[in-house]
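A.B. asks: There's a structure below that I have some questions on.
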Amino acid sequence: MRYLKQFLIILLVSFLGEILRYLIPLQIPASIYGLVLMLLALVTGVLKLDQVKETADFLIEIMPVMFIPAAVGIIDAWVDLRAIVVPVTVITVLTTFIVMVVAGRVTQFVIRGKKKVEEEQCNHD
């Protein structure tokens, strides 16, 4: 029953994202609205992490299975995609690398900032 309740909470947040997508005339996917809503709910304390954690962990674990239909779709469309496979592969590799570098740099910046704040608090006390 606990898992059902957690899943319903996640579905509700996703549904609210769908509603926002319908109401706001921006080209932003409903899933992004849902993720932002979930983040806001967790940060503000409207939702506690314990209220969705176990089901969210399960959904993350089975995520690779969800990509199988997309992979089959790519195989079906191979005739059309064959002509652009090299540029798409290069773009995918480059953007993946860029995202990894930027994420790493931002993480380092945040960690250094936290350490600096902690050191200042220790010196202040």
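Read-outs throughout are calculated quantities, based only on the coordinates presented, and are distinct from any laboratory measurement. Model, not experiment: these values are computed from the prediction. Cβ placement follows ideal geometry from the backbone for every residue including glycine, while neighbour counts extend to all protein chains displayed.
A.B. asks: Residue farthest toward the positive end of the dipole of the stretch 35-90, with Cβ of Lys/Arg at +1 and Asp/Glu at -1: which of Val88, Val72, Ile62?
C.D. replies: Selected residue: Val88.
A.B. asks: Then there is this: Can you tell me the mean projection area, over all orientations, of the convex hull of the stretch 1-64's alpha carbons? Units nm², please. Present the calculation step by step, with values, prior to reporting the outcome.
C.D. replies: Details: hull surface 19.1 nm².
Approximately 4.8 nm², given one-decimal rounding.
A.B. asks: DSSP loop chymotrypsin sites (Phe, Trp or Tyr not before Pro) in the stretch 17-125 with at most 12 other Cβ atoms within 10 Å of their Cβ, which ones?
C.D. replies: Details: sites: Tyr22, Tyr33, Phe58, Phe67, Trp78, Phe97, Phe109; in loops: Phe67.
When the chymotrypsin sites (Phe, Trp or Tyr not before Pro) of the stretch 17-125 are filtered for loop state and at most 12 Cβ neighbours within 10 Å, Phe67 remain.
A.B. asks: Treating only the Cα positions of the stretch 27-101 as identical point scatterers, give the base-10 log of I(q)/I(0) from the Debye formula at each q in 0.14, 0.27 Å⁻¹.
C.D. replies: Here the Debye-derived log intensity ratios amount to -0.78, -1.14.
A.B. asks: Suppose each label sits 7 Å from its Cα in the direction of the beta carbon; what would the Ile60-Glu120 distance come out to in nanometres?
C.D. replies: According to this spin-label approximation, the distance is 3.1 nm.
A.B. asks: Another question, if that's okay. With n ≥ 4 as the cut-off for DSSP H runs, can you work out [θ] at 222 nm for the chain, using -39500 (n - 2.57) per run divided by the number of residues, rounded to the nearest 500?
C.D. replies: After summing the helix terms and dividing by the residues of the chain, the value is -27000 deg cm²/dmol.
A.B. asks: Okay, next question. Suppose a student asked you for the relative contact order of the chain, using Cα pairs under 8 Å spaced at least 6 residues apart; what percent would you report? Could the numbers behind the result be given before it?
C.D. replies: Working: 45 pairs, mean separation 23.3, N = 125.
Value for the chain: 19 percent.
A.B. asks: Taking only the alpha-carbon positions of the chain and ignoring solvent, what does the Debye formula give for the base-10 log of I(q)/I(0) at q = 0.16, 0.19, 0.23 Å⁻¹?
C.D. replies: -1.16, -1.21, -1.21
A.B. asks: Follow-up question, since we're still on this one. Once each part is reduced to its C-alpha centroid, what is the distance from the stretch 50-118 to the stretch 5-37 in angstrom?
C.D. replies: Between the Cα centre of the stretch 50-118 and that of the stretch 5-37, the gap is 20 Å.
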